[in-house]
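These notes are about the structure you will find just below.
The values are calculated or read from the model by the stated rules, or taken from the named source; none is laboratory data. All figures in this text were calculated on a predicted structure; none of them were measured in a lab. Positions of Cβ are backbone-derived with ideal geometry, glycine not excepted, and every protein chain shown enters the neighbour counts.
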C-alpha cells in the first residue's frame, strides 16, 4: 500500500500543482525512486517557486539520458489511481503509514535490545521514539482565517525578553521571544557555558523561572559559577577553596537576596549566621524552609545521560510546577544520541529542541561547537531550525581581554548586527550595558585552541 500511496501522492502533486498539498509532504513519506522524484520536484520548486506539471516534469527527466528509470517510474505514476481523492486524505494516510512503519521498526529493534537495556534506557528509548514522530502529529488547529485574527498584537502573544547579552542587540531586535530556538556557536573553551548561564541568570533576575540543563558540568560547578556572578567573588577563589570569611558572608547574603523572599525571616537567619559563623546551621535553616523561596525559581539539571526524551521529561515536569520562560541545554553537540558523530543526529537534536520550545512555550538556548572557519561542526544544518544564532570568539591576547566579538549568524526577523559582549572574567559576569554594536566590522577570525585553552571554562 505504501508504494502505491506514494505514487498517488506524486501524481496528485504533479496534476494539481498545489502548493498547499506540497507543503504537507516531507521526504520521510517517500522511499526508493519515489523519494528521488519528490526531491527533484522539491529542487524544481526551490528554483522556480512553483510545482512543475506532469508533462513538464517528464520532459525534464527525458533530457537526462541517464535517468531512464525515472521516466519509466513517471509513466507508472500517470497510471496510478484516481486524482479525485481528497489531498488531505492522501497526506494524512501517508503520515499515518509513516508513523506506523516507524513504530513497527522501533518495536522490532526495541524487543531485540530489551534484555540488554537498563530501566532508564527503556524509558528513554520509548520517549525518544514518541518525540521523533510527535512533530508529524498536528497539536491543534493549523488553518487560520486572516479575518478572524486579532487586529493588533495582543500582549500575551507578543512578549519579548532581553537577551542578557547586549542592550544594542535588544534595541535593534527586541531580544528573544517565547518558542524561539537560540543557538550560540563558539570554539572549545571559548566560554559558551558561561555566556548562556549569564543569560539564564539575567532572565531569572527579571522574575522569570529558568532551567539550566548540564551534561558535562556537575551541579555544584554550575552553582559556583552562578554564585560568583551574583556575589562578585572571584570564581578562582571558589575553585581553590580559598574563600575569606568576608567572602563567605557575601555569598550567603547574595544567595538570600537573590533566591529567597526578603523579610524578618531572612534578616533573622542572616543575623544568626553573623553571630555563630556556622554555615552548616545556615544551610539547614534554609533547607527547613525557614525563609520562603521567591516565586520564580532557578533549576539546575545535572544529567550525564541527558537525551531528547529526558529534556522533554524535565520540561514537562517543571513547567507544570513553575512558569518556565527559558531553558538552556549545555550543550547541543553532546546531547545523548546513538551516534553523536552522525551529522543527521545533530540536525535531529536541533529540530527537536525547536519542537520542544514550541511545545512548552519557552526560550530554548543551546551552545554548539564551531570549527576554525566559524562553521558549525558536524553539520551546518543544525542552524536550520534556529530562530536566532550567534558566533563568538575570545579576543586576541593583544586586544581587550574583556571583549567577546559577537556576530549574528542567522536571524528570522531582525537585524544581523555585530557587537561586543564585555565579560568580567574574574566573576564571570556579562555587562550587557557596556556591550556595544560594531559598525561595519567584519568578524572572520577565530582564535586557535592554544589561545583558548588558557580560559577553558565551558
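Side notes on the structure shown:
Rundown of residues vs (1) surrounded by fewer than 15 Cβ atoms within 10 Å (Cβ to Cβ); (2) part of a loop (DSSP other than H, G, I, E, B); (3) assigned by TED's automatic domain parsing to the domain that holds residue 191; (4) at pLDDT 80 or above, yes/no style:
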residue: 397; (1), (2), (3), (4): yes, yes, yes, no
residue: 413; (1), (2), (3), (4): yes, yes, yes, yes
residue: 421; (1), (2), (3), (4): no, no, yes, yes
residue: 439; (1), (2), (3), (4): yes, yes, yes, no
residue: 444; (1), (2), (3), (4): yes, yes, yes, no
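- Within the span defined as region 52-70, every residue fails to be under 33 Å from the mean Cα position of the chain (by Cα), modelled with pLDDT of 75 or more and farther than 23 Å from residue 102 by Cβ.
- Some residue of region 364-376 being in a helix (DSSP H, G or I), within 26 Å of residue 210 (Cβ to Cβ) and at pLDDT below 85: no
- Screening the candidates 137, 90, 122 for the property of being modelled with pLDDT of 75 or more and either within 23 Å of residue 358 (Cβ to Cβ) or surrounded by fewer than 15 Cβ atoms within 10 Å (Cβ to Cβ) (or both) yields one hit, 122.
- For region 117-129, a residue qualifies if it is farther than 16 Å from residue 306 by Cβ and in contact (Cβ under 8 Å) with a residue 24 or more places away in the chain, and the qualifying residues are 126, 129.
- Residue satisfying all of: in region 140-167; assigned to a helix (DSSP H, G or I) and under 30 Å from residue 198 (Cβ atoms); modelled with the highest pLDDT among these: 167
- Residue tally, condition under 19 Å from residue 101 (Cβ atoms), exposed (fewer than 15 other Cβ atoms within 10 Å of the Cβ) and over 32 Å from the mean Cα position of the chain (by Cα), over region 1-31: 3
- Members of region 174-213 that are modelled with pLDDT of 90 or more and in a helix (DSSP H, G or I): 194, 195, 196, 197, 198, 199, 200, 201, 202, 203, 204
- Considering the conditions (1) touching a residue at least 60 places away in the same chain (Cβ under 8 Å); (2) in a helix (DSSP H, G or I), residue 216 is excluded by exactly one of them, (2).
- Within region 301-318, tally of residues that are surrounded by fewer than 20 Cβ atoms within 10 Å (Cβ to Cβ), in a strand (DSSP E or B) and within 17 Å of the chain's Cα centre (by Cα): 0
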